[in-house]
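Inspection log for the structure reproduced underneath, given as structure tokens.
The values are calculated or read from the model by the stated rules, or taken from the named source; none is laboratory data. Since the structure is predicted, the reported quantities are computational estimates derived from the model, not experimental observations. Using ideal geometry, Cβ is built from the backbone for each residue, glycine included, and neighbour counts are taken over all protein chains shown. With ligands, DNA and RNA removed, areas are computed over all heavy atoms of the protein, side chains included. Shrake-Rupley method; radii C 1.70, N 1.55, O 1.52, S 1.80 Å.
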Amino acid sequence: MKFTWECTMRLAWLVPPLTHGSCFKQGLNQSDSKLLCCSRTDSDYNRGKQVAFPEFYKRSSISKYPFESNGGEELSTELHNQTIQGYCKTGDIDNAMKLVAQLEASGFHPNPISYGLLIDSLGSVGRTLEADVLFQEMIYLGFKPRIRLFNALLKGFLKKGLLGLAVKFLAEMDQMGVCKNQETYEILLDYYVNAGRLEDTWMVVNEMKQNGIPLSSFVYGKVICLYRDNGMWKKAIGLVEEIREKGIPLDRQIYNSIIDTFGKYGELSEALEVFEKMKQEGIMPDITTWNSLIRWHCKAGDVTKALELFTEMQEQGLYPDPKIFMSLISRLGELGNWDAIKNNLENMKCRGRQEVGTIYAMLVDIYGQYGRFQDAEDFISALKSEGFQPSASMFCVLANAYAQQGFCEQTVKVLQLMEAEGIELNIIMLNVLINAFGIAGRHEEALSIYQHIRESGISPDVVTYTTLMKAFIRAKKFDKVPEIYKEMESYGCTPDRKARQMLQTALMESRLTLIIPGHPMG
């Protein structure tokens, strides 16, 4: 398998991951040092590193990018900042960073507004280490970031699964006298709940209570999800009474959490009862509500009700989510009920949903009913002929559809077509490719994708490691799973509940193989 993707060099790829701390000592100012000290470390770099920011930019591949005004003259500092801000607002972060490099090379720095937009933009696309470098530079220059920027960087760390760095960053906030606000706590709760960290979640909730920060419906919704994911669904439902006693109105967030909790544990009649009550109280279901109900009915084998809900959702004016397509197509395909798929497709077209109907029909074809679109290029061409321009999310859905069928070469082709459209390849797409190879039983190629990620300088996340672990479990290479788990920890990614469960499965199967020769899983 050859990879021809060209990965653009970025700042974070040229500097090792760092550990907060050394830049914020008391009394540090611009005259103290020409170097900004960065001592952020992880397992790949066991020593501190000093980085001179102007030299740092000169070494990067973006240091000499020609940006001029219409008159052929170089942009002024003010125009640099305005243009940087404009690029950030339109999502063109690469050109924004090129302008930063040019500004630094001239001996100037972005202004606080530019720094804020740059950090926000970098964090939103997962370029956390670059955002962190700019944040440290901002502090070094004497600027005082607002809590919003602290939250943006914290969210970026946690999105990457870098819990260790996030904890150190929180300690820095305390040292600098920056108080956590409601958004800070909700960012932490979102991560802890998704990672299945029950004790940490309660620690955050208790801290909120101690600091007089009211528990919002978002917080209660997250706690309900945590109970749900830890098998304590009755406690999750019991929490609703506490919410009512406190006079907090049940909003869409809480209703969705309750419906999903009932659905996950097979209490579908209760889920539908809550759904009806939700509508009676004037709260309109959103795509998350419908997604949950349709998914759990499909999983329970009640396809008739799933299709009924699917139709009702469209009658409410909501566009079907591609994830719903996948659930319905998978279940109906297993049952051989392709007529139901065709009927729903016609209904969608009758409602004027031509674009969604086209995508739906093509996803059906990928699943093999008509044998069309076995080639990703044909799929993209067909979309364009219908006047539909594929987006990054559509490429992701398409790649995932091929991956779920084990069509590895077509998954690779989707990523190449995506790049040809000028859409940047990201960690999500590469994780999909690892999954495709894993499903196809090609664990060595799945490993090669992971190695490609590391060599390219892209930061693997928790999903990368869990998907790779799953590939090796499928291949019955249980002895390699603990090694992947250990590497995930050493890289700074905090294992989530799924990773821990996979590790236990692999260790158990390894022991069975030793104890029982010829064990079927050995």
Those residues that are in a helix (DSSP H, G or I) and among the acidic types (Asp, Glu), I need them from region 229-255; list them, please.
ASP229, GLU241, GLU242, GLU245
With the requirement that a residue be open to solvent by 50 Å² or more (accessible area, probe 1.4 Å), within 18 Å of MET232 (Cβ to Cβ) and part of a helix (DSSP H, G or I), what does region 256-306 give you?
LYS264, GLU270
Matching residues in region 422-446 - criterion: being surrounded by fewer than 20 Cβ atoms within 10 Å (Cβ to Cβ), not β-branched (Val, Ile, Thr) and not in a loop (DSSP other than H, G, I, E, B)
GLU444, GLU445
Log entry, pairs with first residue in region 292-310 being at negative phi, second being of a type in the set (Ser, Thr, Tyr) and surrounded by fewer than 16 Cβ atoms within 10 Å (Cβ to Cβ), beta carbons closer than 9 Å, six or more apart or on different chains, reads HIS297/THR304; CYS298/SER330
For SER393, indicate whether it is surrounded by fewer than 21 Cβ atoms within 10 Å (Cβ to Cβ) and within 24 Å of LEU468 (Cα to Cα).
yes
Going by what's in this entry, would PHE437 be described as free of Cβ contacts under 8 Å to residues at least 40 places away in the same chain and under 22 Å from TYR465 (Cα atoms)?
yes
Could we say that GLU489 is at pLDDT 85 or above, open to solvent by 70 Å² or more (accessible area, probe 1.4 Å) and more than 26 Å from ARG127 (Cα to Cα) here?
no
Please specify each residue of region 172-195 satisfying the condition of being surrounded by fewer than 21 Cβ atoms within 10 Å (Cβ to Cβ), touching a residue at least 60 places away in the same chain (Cβ under 8 Å) and of a type in the set (A, V, I, L, M).
MET176
If you take the residues in region 424-479 that are β-branched (Val, Ile, Thr) and more than 21 Å from PHE157 (Cα to Cα), which one is farthest from the chain's Cα centre (by Cα)?
ILE473
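Let's see how each residue does on (1) assigned to a helix (DSSP H, G or I); (2) open to solvent by 20 Å² or more (accessible area, probe 1.4 Å); (3) within 19 Å of ILE458 (Cβ to Cβ):
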residue	(1), (2), (3)
HIS80	yes, no, no
GLN85	yes, yes, no
GLU104	yes, no, no
GLY107	no, yes, no
ASP120	yes, yes, no
ALA131	yes, no, yes
Kindly indicate which of MET173, MET203 is more than 27 Å from ILE428 (Cβ to Cβ), touching a Cys at 6+ places or on another chain (Cβ under 9 Å) and assigned to a helix (DSSP H, G or I).
MET173
Which of the residues that make up region 105-150 are closer than 19 Å to THR184 by Cα and acidic (Asp, Glu)?
ASP120, ASP132
Listed by first then second residue, the pairs whose first member lies in region 219-246 and is under 18 Å from SER292 (Cα atoms) and of a type in the set (D, E, K, R), whose partner is outside any helix (DSSP H, G or I) and open to solvent by less than 40 Å² (accessible area, probe 1.4 Å), with beta carbons under 7 Å and at least 6 positions apart or on separate chains, are ASP229/GLY196
